[in-house]
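K.L.:
One structure, pasted below without further comment.
A short reminder: the numbers here are calculations on the coordinates, not readings from a lab. This is a predicted model, so every value here is computed, not measured. Note that we place each Cβ from the backbone using ideal geometry, even for glycine, and neighbour counts take in every protein chain shown.
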Amino acid sequence: MQSVFDRRRINGPEDSSAPIFADEHQKSLTPDLYKDRHNRSVSDIRPIFLQPGLISQANGSAYIETDRTKIACSVYGPRQSKNTAYNEKGRLNVEVKFTPFSSERRRAPLRDAEDRSIAVAIQQALLSSVRLEHFPKSTIDIFLVIIEADGIEGCVASGSIAASTALADAGIDMYGLVTSCTAAIIGEDIWVDPTQEECDMANGTLILSCMPALGIVTNVWQSGRMAISQVSACLDACDGRCTDIHSVVAQALLNSARSKV
Amino acid sequence: MTSASISKAEKSYIQAGLLTSPPRRADGRSLHDFRAIYLETGVAPLSNGSARLSIGRNPLDGSGGTEVLAAVKLEVENIEEQTLDGGRIACNVSCSPSAYPHLSSGALDDLQHDLTTVLHQTLSHPSLHPKNLGIIPRKKSWLLNLDLLVTAEAGNIYDALFLAARAALWDTKVPRTRSVEYKSPKTFLSASGDMDVDQDTRSGFDTRHVAHATDFELPDYWDEGEILEGRERWPVAVTLNLLHTAHFLDATLQEEASCASRLLVVYSHESPTAYTIQSMRMLGSDELSIPHLKKLIKEAEGYTRSMATSLTTKLEDEDFRRNQKAREKFGRRK
């Protein structure tokens, strides 16, 4: 069977798996989610570290870290879009890349299937917040590199927060900051900001992206089996947490602006 | 999502028509009316289940409308991990270039990928998993490949895809399998030719012996088999096209282009009282508040319920037409 040979890199073996260490094996046999969620109640999010302005050659950038999700985002633009036809509104182009070491199983350095679905979700989250009518014929490029991933839902949420911070850092006109939060239904309870193991065990997950300053929802992504009442409850829980995250983002941008002066 | 490009004047004309009271649409429908839906099952004889669905086809010459062909093909695969003992579902949507003449091949690939992701993530979720896809426990199982082909697009593609998928899965028959065990032949090298009592002969009542099936055979012919389990659980989708004060269903291409955002909600109606949301996506760039969103989710439940009941009625009709009536017709010919 022919595999795709990447001439620019030294290709590893076609089939490989991570080694299993003795104590890790013990842990995986008895997953105890309640114990792993130490120091955190079911309605608390993990602490966020957010630093704008880390990549100096980009117009704007941000780095976000929450426990096991680490994403670096850079914004280039608005730049002239050379190849497309005249567009009176600007375009928002989001590209996501997973590094090969970002998850348990090595990801191919070439384009992966999951890249695009995360990019589409983040673009949907940011679309209503940027004043694109101010940039005709232009494109704003947002590049996200996921250094470590803790579940797809976590990546989408953290990615949209990082992207919105980077856009603000770049000084692009926006209606408001976009923040995102994830919730999962485990048993009968709603757990906010679930890790990958918790998402796998959940009946359903929901990602909410909104602009807390304006009270507008920009993106809802739900998957799995949930009743209408559970969806309502998740939306409310996420909404509350999004408002908390908004103050974190605003504080980080303020500190960064002060340090530049 | 790309759609027909229309001028601002036409956009505002369509929006004004939708927002007046009574609302006016180009073909005279009300806000919550669907175009005529044509459905036929069993269109691909080599597949295990198939359906062809079109929304809004011109009744005189059969042209126009959104048309989707769905087919299910079952393959045997070895179970590698201890994930699900009973098989796996893989969905794939391909868009024919004739349906999207204005898209480049790169954009067409992206569209295919997006449609596939929505369908695959919704339909392969463990909560919808049918229970009769296993063959030999922990060794072999069925891989259900659901392939959808969009041959024409005139708006409302998500609803058409989910309806066609449900119809094809309803029509699917899983071939029955019988496990086969291999026994080594009795050796003739028993020492001194003594009778080996009770060594190779086992009583049928001996339940201590655990059967280790290593292979299987198919007692059915290829178009027989048992129905795929969990038919009522397969979900139905509705796309609510959002305007500031109202929402409408089943948009044509021009209406989709004049509407800034859409909400896709997928419900599974297992029984009249038990319904759950299987998937939800927002597409577009308009504003939506949380109370408004909750209201839309509730209304979507009513729409999908009526879609699911009429689809089930039609599918049962189709079953009857192909099986019962065909048998009667052949019976009469003798």
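K.L.:
How many percent of all Cα-Cα pairs in the protein assembly as shown sit more than 40 Å apart?
P.N.:
That tail contains 34 percent of the Cα-Cα pairs.
K.L.:
Report the longest stretch of chain B that contains none of the chymotrypsin sites (Phe, Trp or Tyr not before Pro) sitting in a DSSP loop with at most 10 other Cβ atoms within 10 Å.
P.N.:
Counting only loop sites that pass the neighbour cut-off, the longest clear stretch is B:1-181.
K.L.:
Give me the angle, in degrees from 0 to 90, between the Cα long axis of helix B:157-170 and the longest principal axis of the Cα atoms of chain B, rounded to the nearest 10.
P.N.:
30
K.L.:
Would you give the gap between the C-alpha center of the stretch B:103-127 and the C-alpha center of the stretch A:45-113, rounded to a whole Å?
P.N.:
22
K.L.:
Out of B:Leu115, B:Leu74, B:Leu288, any idea which swings most in a Gaussian network model of chain B, alpha carbons joined below 10 Å?
P.N.:
B:Leu288
K.L.:
Test of understanding: in a Gaussian network model of chain A with alpha carbons linked when under 10 Å, which of A:Ile122, A:Ile20, A:Ile146 would top the mean-square fluctuation ranking?
P.N.:
A:Ile20
K.L.:
Taking the Cβ of A:Ala58 as the centre, find all other residues whose Cβ is under 10 Å away and add up their charges (Lys, Arg: +1; Asp, Glu: -1).
P.N.:
-2
K.L.:
Compute the longest continuous run of chain A that contains no exposed chymotrypsin sites (Phe, Trp or Tyr not before Pro); treat a site as exposed when its DSSP state is not H, G, I, E or B and it has at most 12 other Cβ atoms within 10 Å.
P.N.:
A:102-261
K.L.:
Further question on the same structure: Enumerate by residue number the GluC sites (Glu not before Pro) in the stretch A:188-261 meeting two conditions: DSSP loop (anything except H, G, I, E, B), and at most 13 other Cβ atoms within 10 Å of the site's Cβ.
P.N.:
For GluC sites (Glu not before Pro) across the stretch A:188-261 that sit outside H, G, I, E and B with at most 13 neighbouring Cβ atoms in 10 Å, the list reads A:Glu188.
K.L.:
Say the cut-off is 26 Å between C-alpha atoms; which of B:Lys131/B:Lys183; B:Lys73/B:Lys314; A:Lys137/B:Lys295; A:Lys89/B:Lys11; B:Lys131/B:Lys295; B:Lys73/B:Lys329 go over it?
P.N.:
Distance filter (> 26 Å) returns B:Lys131/B:Lys183; A:Lys137/B:Lys295; B:Lys131/B:Lys295; B:Lys73/B:Lys329.
K.L.:
Next question, about the same structure. B:Lys294: which aspartates and glutamates have alpha carbons under 17 Å from its alpha carbon, excluding same-chain residues fewer than 8 sequence positions away?
P.N.:
In chain and number order, the partners are A:Asp236, A:Asp239, B:Asp286.
K.L.:
Can you give the local net charge around B:Tyr13? Use residues other than it whose beta-carbon is closer than 14 angstrom to its beta-carbon, Lys and Arg +1, Asp and Glu -1.
P.N.:
Taking every other residue near B:Tyr13 into account, the sum is +2.
K.L.:
Another one. Checking the a/c ratio against 1.5 first, then a/b against b/c, what shape does the Cα gyration tensor give for the stretch A:97-240?
P.N.:
Judged from the Cα gyration tensor, the stretch A:97-240 comes out oblate (a/c at least 1.5, b/c at or above a/b).
K.L.:
Another question about this same structure. How much net charge surrounds B:Leu264 when only other residues with a Cβ under 10 Å from its Cβ are counted (Lys, Arg +1; Asp, Glu -1)?
P.N.:
+1
K.L.:
Based on the alpha-carbon gyration tensor of the stretch A:138-184 and its eigenvalue square roots a ≥ b ≥ c, which shape applies: rounded if a/c is under 1.5, prolate if not and a/b is larger than b/c, or oblate?
P.N.:
Judged from the Cα gyration tensor, the stretch A:138-184 comes out oblate (a/c at least 1.5, b/c at or above a/b).
K.L.:
Once you've got the GNM for chain A with C-alpha springs shorter than 10 Å, pick whichever of A:Asp150, A:Asp244, A:Asp169 has the biggest mean-square fluctuation.
P.N.:
Maximum fluctuation in the GNM of chain A, among the listed residues, is at A:Asp244.
K.L.:
Now a separate question. For A:Glu148, enumerate residues with amide H under 5 Å from its amide H, sequence gap 5+ or separate chain, H modeled in the peptide plane.
P.N.:
A:Lys70
K.L.:
Here's a follow-up. Run the helix sum for chain A: -39,500 (n - 2.57) per DSSP H stretch of 4+ residues, divided by residue count, reported at 222 nm to the nearest 500 deg cm²/dmol.
P.N.:
After summing the helix terms and dividing by residue count, I get -10500 deg cm²/dmol.
K.L.:
Where a Cα-Cα gap under 15 Å defines reach, which aspartates and glutamates qualify for A:Lys260, not counting those fewer than 8 residues away within the same chain?
P.N.:
A:Lys260 reaches A:Asp169.
K.L.:
Kindly work out what percent of the DSSP beta bridges joining two residues of the stretch A:57-202 are antiparallel, to the nearest 5.
P.N.:
In the stretch A:57-202, approximately 70 percent of DSSP beta bridges are antiparallel ones.
K.L.:
Could you list the GluC sites (Glu not before Pro) in the stretch A:44-121 that lie in coil according to DSSP, counting only those with at most 12 other Cβ atoms within 10 Å of their Cβ?
P.N.:
Hits after loop and neighbour filter: A:Glu88, A:Glu104.
K.L.:
Only helical DSSP H runs with n ≥ 4 go in: add -39500 (n - 2.57) per run for chain B, normalise by residue count and round the 222 nm mean residue ellipticity to 500 deg cm²/dmol.
P.N.:
-8500 deg cm²/dmol
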